[in-house]
Amino acid sequence: MLTAGQVGQYMRHTLGGDIPPSLDVTALINQAGEHLMSMRAWKFLERPQADLDLRGKITLTGATYYDNQAGTPPASVTNYTIESTGAFANYTFLDGDQIAITGGANATEGLYKVASRFNDDEIVLKSSIGSAADEDMDIAGTMELDSVALPADFAEVIGYNATDSLINSLEFVTLGELLKFKTQQIQVTSFNFYGAIIWPEMNTAGPTVPFPILKIWPTPTTNDARGLTIFYRAGWVKITDDSDIVQIPPWVEAFFVQMAQAWARGFMEEDTASLTQRLLELDQSPLYASAIRRDGMLQPNYGPLRGGAVERMPQGINRFARSTVSGPS
């Protein structure tokens with residue numbers, strides 16, 4: 001097993017000395033790893049199925065809003081807090097969540113970004129809802145929780161469907177098409193979902209790197225654990241310490257070591273050859289070719305060719321059972 005510390009030693013060896021403190025060795029290893037992951041659709045990054053949880057819409061009436069810009073906030077309440085007893089007990093926060101304020105004598109109606117879930121009774125917003133008072137007790141609003149959390153190591157979706165695909169489905173569309181669905185105001189009760197993957201903005205509540213999320217329509221009315229199922233390709237597992245194991249197969253290790261060395265030389269010896277030149281050389285290397293060949297050996301056969309003229313013909317959604325049905329009793 002290759003550790004980050006060993007990779008750092010290889011980098012120092014090729015330089016013939018230590019790497020100056022101005023260059024973060026861990027950061028260089030992570031940059032090289034991210035590049036390795038993006039070089040091709042590696043088979044070794046394909047992961048088992050992941051079940052995705054759907055979050056139900058939350059409707060608020062008679063909620064209390066604390067602005068607290070001029071006054072002293074109550075205990076356990078920070079600025080821009082909305083409070084409603086038990087309203088957020090089943091709510092799981094995701095970066096990018098928003099609440100539509102639809103009522104309130106002193107509130108400006110509109111869409112506001114959620115910064116965090118404080119507890120079962122309170123959420124914190126990223127900005128004021130325009131209240132002139134420090135405390136308003138007549139707030140109405142709706143949280144359309146149309147975002148779905150993806151696996152923490154998610155990089156690319158490979159296969160997808162609704163978990164109960166006999167009656168539900170999932171179809172990926174463009175953001176423009178998704179917007180049309182969201183704004184046409186048609187109420188549905190049977191969920192044939194449409195979705196698109198986006199990146200939320202960074203959460204100002206902390207220095208967290210945003211993860212991609214799946215936006216769907218229609219918004220579920222209640223929480224639905226394991227509502228959707230995907231197969232996916234993972235990304236680079238970030239290194240934070242010398243003892244961390246580099247999450248790649250043994251037969252890719254030699255190629256990755258050369259890439260990390262090229263990364264170090266590209267920064268330290270740019271006058272000799274730039275990082276781009278060194279990576280171009282690695283693209284043509286026998287180690288890269290053998291890694292590609294070994295990666296493809298895992299499953300050389302994917303069945304008959306697909307995507308011909310017949311498959312391109314318009315088709316309806318198949319609602320027939322895909323499994324064996326028991327006989328009548």
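Tabulated results
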item	result
Qualifying residues in the stretch 248-281 (those that are β-branched (Val, Ile, Thr) and either within 33 Å of the chain's Cα centre (by Cα) or part of a helix (DSSP H, G or I) (or both)) - the one nearest to THR14 (Cα to Cα)	VAL257
Residue ID - surrounded by the fewest Cβ atoms within 10 Å (Cβ to Cβ), chosen from residues in the stretch 22-38 that are out of contact with any Leu (no Cβ under 9 Å at 6 or more places or on another chain) and over 18 Å from ASP241 (Cβ atoms)	SER22
Filtered residue count, the stretch 124-174, keeping only those that are farther than 14 Å from PHE193 by Cβ, buried (at least 19 other Cβ atoms within 10 Å of the Cβ) and of a type in the set (Ser, Thr, Tyr)	1
Top-ranked residue of the stretch 111-123 - restricted to ones that are of a type in the set (A, V, I, L, M) and buried (at least 16 other Cβ atoms within 10 Å of the Cβ), ranked as nearest to ASP67 (Cα to Cα)	ILE123
GLY316, sole failed condition from (1) at pLDDT below 65; (2) over 32 Å from the mean Cα position of the chain (by Cα)	(2)
Failed criterion for ALA205 (all others in (1) at pLDDT 85 or above; (2) over 15 Å from the mean Cα position of the chain (by Cα) hold)	(1)
Breaking point among (1) in contact (Cβ under 8 Å) with a residue 24 or more places away in the chain; (2) of a type in the set (S, T, N, Q); (3) out of contact with any helix residue (DSSP H, G or I) (no Cβ under 9 Å at 6 or more places or on another chain); (4) farther than 30 Å from LYS126 by Cα, for THR14	(3)
Complete set of residues in the stretch 208-236 that are modelled with pLDDT of 90 or more, surrounded by fewer than 16 Cβ atoms within 10 Å (Cβ to Cβ) and either β-branched (Val, Ile, Thr) or over 18 Å from ALA149 (Cα atoms) (or both)	THR222
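The values are calculated or read from the model by the stated rules, or taken from the named source; none is laboratory data. Predicted model, so just to flag it, every value in this text is computed and none were measured. Cβ atoms come from the backbone with ideal geometry, glycine included; neighbour counts cover every protein chain shown.
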